[in-house]
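Heads up: the structure comes next, in structure tokens.
The values are calculated or read from the model by the stated rules, or taken from the named source; none is laboratory data. Bear in mind the structure is a predicted one, so any value in this text is a computation, not a measurement. Cβ placement follows ideal geometry from the backbone for every residue including glycine, while neighbour counts extend to all protein chains displayed.
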Amino acid sequence: MEYNVEDVEGSVEVKIHCVKDSTKPKFSMTKGKRNDDKPMITITGEAEEACPLFSLSYFYNKYPVPFSIAFIGAGLIIAFLGYRIFNVVLFLMATFVVAFILFNLIYQIAASSITMENFGVLWIIVGAAGIVGAIVGFFAVKFQKYCFFLAGACLGGIIGFIIYTAFLTSAKGAVFCCY
């Protein structure tokens with residue numbers, strides 16, 4: 001985690017690194033100068049409290065083989081049986097995509113308020129995202145024509161955004177909505 005404050009007179013930079021099994025937080029402070037010869041104070045710390053409570057990348061890195069097998073298996077099923085069991089694939093893909101996006105959106109909003117005491121809230125978020133995803137998956141199967149229209153509209157918007165930012169704007173003036 002990094003925090004940087006700058007004003008006319010100087011700047012303060014705070015860096016807190018995640019260190020597992022830390023008995024107590026350790027902090028150090030250094031004084032120096034920025035490139036423009038204005039004073040700068042840097043506070044660097046190490047604490048277990050800076051570590052995230054939940055991280056999907058932790059599970060991906062800890063158990064890469066089961067995730068690889070699951071994703072390769074899902075890809076093979078979609079590739080070879082996708083048209084034969086089209087409604088099932090459409091339901092599963094819509095459910096997974098909506099649940100994943102919804103979980104990440106809610107988690108990013110609520111991450112700062114989740115502590116070890118209320119860690120069970122994450123399972124409620126996962127369950128709610130799964131239920132909403134299943135409902136959207138059901139309606140995706142029910143109204144397939146509209147889903148194709150919606151998917152085409154989203155892809156057209158993404159391609160238009162890529163073309164606009166790649167060719168029609170300068171790098172300094174481009175506004176990236178997902179940054």
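Which one of these is in contact with a Phe, Trp or Tyr (Cβ under 6 Å, 6 or more places away or on another chain), modelled with pLDDT of 80 or more and not hydroxyl-bearing (Ser, Thr, Tyr): Val141, Val97?
Matching residue, one of Val141, Val97: Val141.
Return the total of residues in segment 14-32 being surrounded by fewer than 13 Cβ atoms within 10 Å (Cβ to Cβ) and under 27 Å from the mean Cα position of the chain (by Cα).
2
I'd like to know if segment 63-79 contains one or more residues that are surrounded by 14 or more Cβ atoms within 10 Å (Cβ to Cβ), over 30 Å from Phe119 (Cβ atoms), without any contact (Cβ under 8 Å) to a residue 24 or more places away in the chain and over 23 Å from the mean Cα position of the chain (by Cα).
Yes: segment 63-79 contains one or more residues that are surrounded by 14 or more Cβ atoms within 10 Å (Cβ to Cβ), over 30 Å from Phe119 (Cβ atoms), without any contact (Cβ under 8 Å) to a residue 24 or more places away in the chain and over 23 Å from the mean Cα position of the chain (by Cα).
Within segment 142-153, restricting attention to residues that are within 27 Å of the chain's Cα centre (by Cα) and hydrophobic (A, V, I, L, M, F, W, C), which residue is farthest from Tyr83 (Cα to Cα)?
The qualifying residue farthest from Tyr83 (Cα to Cα) is Ala153.
Every residue in segment 140-152 that is surrounded by 10 or more Cβ atoms within 10 Å (Cβ to Cβ) and without any contact (Cβ under 8 Å) to a residue 24 or more places away in the chain, please.
Lys142, Phe143, Tyr146, Phe148, Phe149, Leu150, Ala151, Gly152
Inside segment 44-87, can you point out the residues that are within 30 Å of Ala140 (Cα to Cα), hydroxyl-bearing (Ser, Thr, Tyr) and assigned to a helix (DSSP H, G or I)?
Hits for segment 44-87 are Ser57, Tyr60, Ser68.
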